[in-house]
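Peer 1: Handing you this structure, nothing more for now.
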Amino acid sequence: MDAKEFKDLAENIVGAISSVYIGNEPVVRKTLAAALVNGNVLFEDYPGLGKTLLAKAFGRVLGLKYTRVQFTPDLLPADILGTKVWRQNLGTFELIKGPVFTNVLLADEINRAPPKTQSALLEAMEERQVTIEGETFSLERPFFVMATQNPIEFEGTYPLPEAQLDRFLVRLHVGYPRTEEDELAILEARLSWGKDDPTTDLKPVIDRETFIEMQELVENGVYVSRDVLRYIVNLVRNARADSKVEAGPSPRGAIALMKIAKANALLDGRDFVIPDDVKTLAMDVLAHRVVIKAEYSFEGVGGEDVIKDALKKTPVPKGAEYE
Ligand SMILES: Nc1ncnc2c1ncn2[C@@H]1O[C@H](COP(=O)(O)OP(=O)(O)O)[C@@H](O)[C@H]1O
Ligand SMILES: [Mg+2]
C-alpha cells in the first residue's frame, strides 16, 4: 500500500461515518487516526451528542469484529473478560469468552461502572491480552477500545482513575453541532432514515486485512524528523513543568502524540510528520493525562489550560520541509 491508496481508503471511511454522524468530520478523522495506531479512544461529552452513534458507526465501517458493553453499576469484570466453567462430562474447564474478545470494544458509559470493572479492561487496553483466573490469553489484531462517558460532574458516575485515563490515546470532546445548518442536517437525516439507529444499514468500506495494511504503513512508512520529536518532548516537558501541575503527561503520552501525529500525516497524504500534525492533536492526546494540584483544580483550572499554555510557550520548529 502507498500513501495515495491509503488516503483514498481513509476518505471512504471518513465519508461513510460522516454520512450518519453528521457535521463533525474533524472528530471522525481524529478517531480514525487513533484507530490506525491501535489507540484507545475516550469520547467525553454531554448526553445526546452522538457519542454512541459515532463509536457504533466505526465498529461497522471498519469491517472489524466489534462488541458493545453497556457499563452499569452492577457490571462485573467477568461480564467483560469471560469466565471458565467446569465441564463435568469433559472433565475440564472451558473458557467462555467475554465481549473483550473482539477487534473494537465499545465500552459505553464506562464511568457508570465501579473501578474494579473499569480496571478489568486495563490489561486489554495496554497489552492486548487478558488474564482470566490466572491464565493469559492474547487478543486478536487489531484491538482497541472506544469508550464513551458523560462529564464526571454528572451524578452517579465513577471517575476513571488516572492510571486508566493514561491508557486512552486520546480523549475527544465531540461537542454540540457547530452551526444551525449542521443541526438542520441532523434532523433531515433522521427524517430520511425513518429510524433512530442508522448504523445497522452501514456497510464496511474496508476489510480487516486492508485495515492492518493501513496500520502498517503508519508504523513503518512515515518519517519523523528529530526537530519534530524535540517539539513533542518540549511540549510535554513544558506541560510537566507548569506550577499548577501535580503530575504531568508521561513518556507514554509523548509516544502517543508521536504515533498519532504519524497517522495524521498519512491522512493528509504526507509520508512525513510536520509540527502541525503535533499541534492539531496535542490537546486530545495530552490534556487528560494532566493532574492539576488540588488548590488550582478547585478554582476550575483543568488539563486543557495547561496544554494550551504549553502550546503557546513551546517554539515551533521551522524548516524548509514544513512549508
Ligand atoms: N452529529 C450527529 N449526527 C447524527 N445524529 C446525531 C448527532 N448527534 C446526535 N445525534 C442523534 O442524537 C441521538 C443521541 O445520540 P447518542 O449517540 O445516543 O448520544 P450519546 O451517546 O452522546 O448520549 C441519536 O438518535 C443520534 O442519532
Ligand atoms: Mg451514549
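Peer 1: Which trypsin sites (Lys or Arg not before Pro) does the stretch 135-185 hold that lie in a coil by DSSP with at most 16 other beta carbons within 10 Å?
Peer 2: Arg178
Peer 1: Treat every Asp and Glu Cβ in the stretch 127-252 as -1 and every Lys and Arg Cβ as +1, leave all other atoms uncharged, and give the resulting dipole magnitude about the Cα centre to the nearest 20 debye.
Peer 2: Computed charge dipole of the stretch 127-252: roughly 640 debye.
Peer 1: In debye to the nearest 20, how big a dipole does the chain give about its Cα centre with +1 on each Lys and Arg Cβ and -1 on each Asp and Glu Cβ?
Peer 2: The calculated dipole for the chain is roughly 620 debye.
Peer 1: Applying a 10 Å radius around every beta-carbon, put 27-39, 196-208, 45-57 in order of their mean neighbour count, most first.
Peer 2: Result, highest mean Cβ count within 10 Å first: 27-39, 45-57, 196-208.
Peer 1: Across all directions of projection, what mean area in square nanometres is found for the Cα convex hull of the stretch 185-323?
Peer 2: Result: 12.2 nm².
Peer 1: What are the principal axis extents of the Cα atoms in the stretch 1-81, in Å, biggest first?
Peer 2: Projected onto the principal axes, the Cα atoms of the stretch 1-81 cover 47, 27, 17 Å.
Peer 1: Farthest toward the dipole's positive end in the chain, which of Phe144, Asn220, Gln118, given Cβ charges of +1 (Lys, Arg) and -1 (Asp, Glu) about the Cα centre?
Peer 2: Of the options given, the answer is Asn220.
Peer 1: Only sites in a loop by DSSP and with at most 16 other Cβ atoms within 10 Å count here; which GluC sites (Glu not before Pro) in the stretch 106-207 make the cut?
Peer 2: Sparse-neighbourhood loop GluC sites (Glu not before Pro): Glu133, Glu140, Glu153, Glu155.
Peer 1: Given the pairs Lys116/Lys262; Lys116/Lys293; Lys56/Lys259; Lys30/Lys312; Lys262/Lys313, which span a C-alpha to C-alpha distance of over 27 angstrom in this model?
Peer 2: In this structure, Lys116/Lys262 exceed 27 Å between Cα atoms.
Peer 1: Calculate the all-directions average of the projected area of the chain's alpha-carbon convex hull, and give it in nm².
Peer 2: If I average the Cα hull's projected area over directions, I get 19.2 nm².
Peer 1: What value, in deg cm²/dmol to 500, does the helix sum -39500 (n - 2.57) over DSSP H runs of n ≥ 4 give at 222 nm once divided by the residues of the chain?
Peer 2: The helix-only estimate for the chain comes to -13500 deg cm²/dmol at 222 nm.
Peer 1: On to the next question. Using +1 at the C-beta of Lys and Arg and -1 at the C-beta of Asp and Glu, which of Leu36, Ala10, Pro317 has the Cα lying farthest in the positive direction of the dipole of the chain?
Peer 2: Pro317
Peer 1: Rounded to the nearest 5, what is the percent of antiparallel bridges among the DSSP beta bridges in the chain?
Peer 2: Roughly 40 percent of the DSSP beta bridges within the chain come out antiparallel.
Peer 1: Another one. What trypsin sites (Lys or Arg not before Pro) in the stretch 230-318 are in a loop by DSSP, with at most 10 other Cβ atoms within 10 Å of the Cβ?
Peer 2: The qualifying sites are Lys318.
Any read-out appearing in this document is the output of simple, stated calculations on the displayed coordinates, not a laboratory observation. What you are looking at is a predicted structure, and each value in this text was computed from that prediction instead of being measured. Heads up, the Cβs are rebuilt from the backbone with ideal geometry, glycines too, and the neighbour counts pull from every protein chain shown.
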